[in-house]
Amino acid sequence: MSIVLKNITKHFGPDLVLDEVSDEIPSGSMTALLGPSGSGKSTLLRIIAGLESLDHGTVELHGRDVTSVEARHRQIGFCFQDYAPFNQMTVFDNVAYGLKVRRIGTAQRKKEVDELLGLVRLSDFGDRYPRQLSGGQRQRMALARALAIKPEVLLLDEPFAALDAQVSGELRVWVRSLQRELGITTILVTHNQSEAMEVADRIVILHEGRIEQVGPPDQVYDKPSSDFVHGFLGPLTTWRGVAYRPHDLQLCDVDAGPRARVVDVIRLGFEVRVVVESDQETTWVQLTHHEARQLNPVVGSWVSVRPR
Amino acid sequence: MRRYASALTGHGARGLAVTYLSLVVLIPIAAVVTHALGNGLGSFWSALTQPEALSAIRLTLWCAAGGALLNMVAGTATAWVLVRDRFPGQSILNALIDLPFALPTVVAGVTFYTLYGPHSPFHVNVTGTWIGITIAITFVTLPFSVRAVQPILEARTFTAEAAAATLGASTLRVFRTITLPAMLPAILTGTGLAFARALGEYGSVVFISNNLPYRSEVASSYVYSLATSGQVDAASAVSLGLLVMALIVLIGVNVAAHRIGRSQ
């Protein structure tokens, strides 16, 4: 189901949070709303879900204008950043909630909830309470609960932000494959550019309430349309006054070009960060482990730097 | 940091807390218990079951229960309005909730006497009736109910309601299945505290109740009259009775709130 946003504008008091935001989210896509905190991305997600009012603009789901439709009638699955567990209910009852609201009979409900719990790998946890689950399990429960209403749109608000790196990494891969399997149009809000790159097939970059750029991950990364996008999507360093990604620079012999002196070598497992100082600036060059072993940069030695 | 914190807890802070609690709470209670039981269980029991004592305790229990139940409903509604509604003067109203705590209870007592006493400007005279006593008790214990429930309703920390809405639940259903169950432990705690506090209320009640034995004399006022007429042991016995009732209610409410909120 495609989602069309037209000229969405929203103020919180005197603050302009969203400024004429328009976008068309293709059916079945996984779109990341990416931006720093305060860029309006979560507000936009809540507006799509009907949880937040808007000043003007429209939200269309599959060609139908739902701008004035209440959240409960939009049939949109929403996962909250804090997972919004129903703490006084068991995991089973959490997942069953939307089905109960829809008056699905007990037997059918049990069958569907069991399936969903299997899907999110919580089959053995139906009798537990949310409090007794880990962060990742709670997240999966929230996902199952949202999927129970068979939504055609799934909205995820910072789904991995509260998880530790390893669990977050595993869940990203899993959510991505689940989304592909179900083919459900999904929008994910994140402030983490690598998360957006990894999970989404389409990235919308928001900055101060406006869309800066829209495109597939590769494209926004390689062809940033503004300095903001360039800087936000990955680290930047300058060499002779020009901004580069650190991995787009390489180290060469000292007589191959302008000189710089190695001031620090930081080994971060797979990558090696070499900090060099020229008369103009301090530059940071990212080498692979393999390159670093071949070049063997030593602090105090002279090298030259060249764009790759 | 952890080591620092545990060292502080282990020596300084824990010692201070125990000493402070002993001086302020435990020793006075021990004194009451000693006095109350000093002449044996028999005389404790007979002091507690004097017809005048029974009458005063019965009246106190009814009025405290009435006040607590009133606050359970009205206090919860007030908390709701203070958190969920937006209107001019809201922050002033919010600050006023604590007034019954801050205001000397005697001042409240005199105020009620002027408003609802024999010289009432509205010609409403409830002196010497359970209604007057319950009004005073409700006023004094209102903050317990409101303040217990308020934090639960803060929407920022309570996204479950929005989640239920996205799952298709109506406003009423969200309230019934999500909001109310989440509030219940806090409502119980607030009501229990209000009730326990009301059992011993004196200052705000003493004027409007008229203190007529067997009719409008509350337990605290009966204890006062016993103590000032030299019957300190009998006064202690009735006090201990009130103390035990307050403890039973507090423990009961805590256990219930814990059971309900166990999963929360």
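Taking every residue in region A:72-96 that is facing chain B (nearest Cβ under 8 Å) and pairing it with any residue that is β-branched (Val, Ile, Thr) and open to solvent by 10 Å² or more (accessible area, probe 1.4 Å), at least 6 positions away or on another chain, the pairs with Cβ-Cβ distances below 6 Å are A:80/B:159; A:82/B:159; A:84/B:159. Restricting to region B:197-211, what's the tally of residues that are in a helix (DSSP H, G or I) and open to solvent by less than 20 Å² (accessible area, probe 1.4 Å)? Qualifying residue count for the region: 4. The set of residues from region A:110-131 being within 13 Å of another protein chain (Cβ to nearest Cβ) and of a type in the set (D, E, K, R) comprises A:127, A:128, A:131. Set side by side, the residues B:169, B:162 differ, and just one is in contact with a helix residue (DSSP H, G or I) (Cβ under 9 Å, 6 or more places away or on another chain) and assigned to a helix (DSSP H, G or I), which is B:162. Among helices (runs of 4 or more DSSP H) entirely within region B:1-103, having at least 2 residues that are open to solvent by less than 80 Å² (accessible area, probe 1.4 Å) and farther than 25 Å from residue B:221 by Cβ singles out B:2-7, B:14-21, B:40-48, B:51-84, B:90-96.
Tell me yes or no: at least one residue of region B:222-234 is within 24 Å of residue B:103 (Cβ to Cβ) and either of a type outside the set (Lys, Arg) or within 14 Å of chain A (Cβ to nearest Cβ) (or both). Yes: one or more hits. Among the conditions (1) closer than 24 Å to residue A:50 by Cβ; (2) in a helix (DSSP H, G or I); (3) facing chain B (nearest Cβ under 9 Å), the only one that residue A:149 does not satisfy is (2). Scan region B:132-146 and give yes if some residue there is surrounded by fewer than 19 Cβ atoms within 10 Å (Cβ to Cβ), assigned to a helix (DSSP H, G or I) and not aromatic (Phe, Trp, Tyr), otherwise no. No; the residues of region B:132-146 include none that is surrounded by fewer than 19 Cβ atoms within 10 Å (Cβ to Cβ), assigned to a helix (DSSP H, G or I) and not aromatic (Phe, Trp, Tyr). Of the candidates A:250, A:286, A:294, the single residue that is among the polar types (S, T, N, Q) and out of contact with any strand residue (DSSP E or B) (no Cβ under 8 Å at 6 or more places or on another chain) is A:294.
For residue A:145, the criteria (1) open to solvent by less than 40 Å² (accessible area, probe 1.4 Å); (2) out of contact with any helix residue (DSSP H, G or I) (no Cβ under 8 Å at 6 or more places or on another chain) hold in every case but one, which is (2). Just one of the listed residues (A:240, A:267, A:261) is in contact with a Pro (Cβ under 8 Å, 6 or more places away or on another chain) and either of a type in the set (Lys, Arg) or open to solvent by less than 50 Å² (accessible area, probe 1.4 Å) (or both), and it is A:240. Taking region A:180-220 as the search range and keeping residues that are under 14 Å from the mean Cα position of the chain (by Cα), over 18 Å from residue A:23 (Cα atoms) and not acidic (Asp, Glu), which one is most open to solvent (accessible area, probe 1.4 Å)? Looking at the filtered set, the residue picked out is A:191.
Of all residues in region A:30-51, none that is within 12 Å of chain B (Cβ to nearest Cβ) and among the charged types (D, E, K, R) has its Cβ atom under 6 Å from the Cβ atom of a residue that is open to solvent by less than 10 Å² (accessible area, probe 1.4 Å) and outside any loop (DSSP other than H, G, I, E, B), 6 or more apart or on another chain. Looking at region B:178-192, can you tell me whether even one residue there is within 14 Å of chain A (Cβ to nearest Cβ), without any contact (Cβ under 8 Å) to a residue 24 or more places away in the chain and part of a helix (DSSP H, G or I)? Looking for residues that are within 14 Å of chain A (Cβ to nearest Cβ), without any contact (Cβ under 8 Å) to a residue 24 or more places away in the chain and part of a helix (DSSP H, G or I), one finds at least one in region B:178-192, hence yes.
The values are calculated or read from the model by the stated rules, or taken from the named source; none is laboratory data. Predicted, not measured: the structure shown is a model, and the values here were computed from it. Here the Cβ is made from the backbone with ideal geometry for all residues, glycine too, and neighbour counts use every protein chain on show. Note: areas computed on protein heavy atoms with side chains; ligands, DNA, RNA excluded. Shrake-Rupley method; radii C 1.70, N 1.55, O 1.52, S 1.80 Å.
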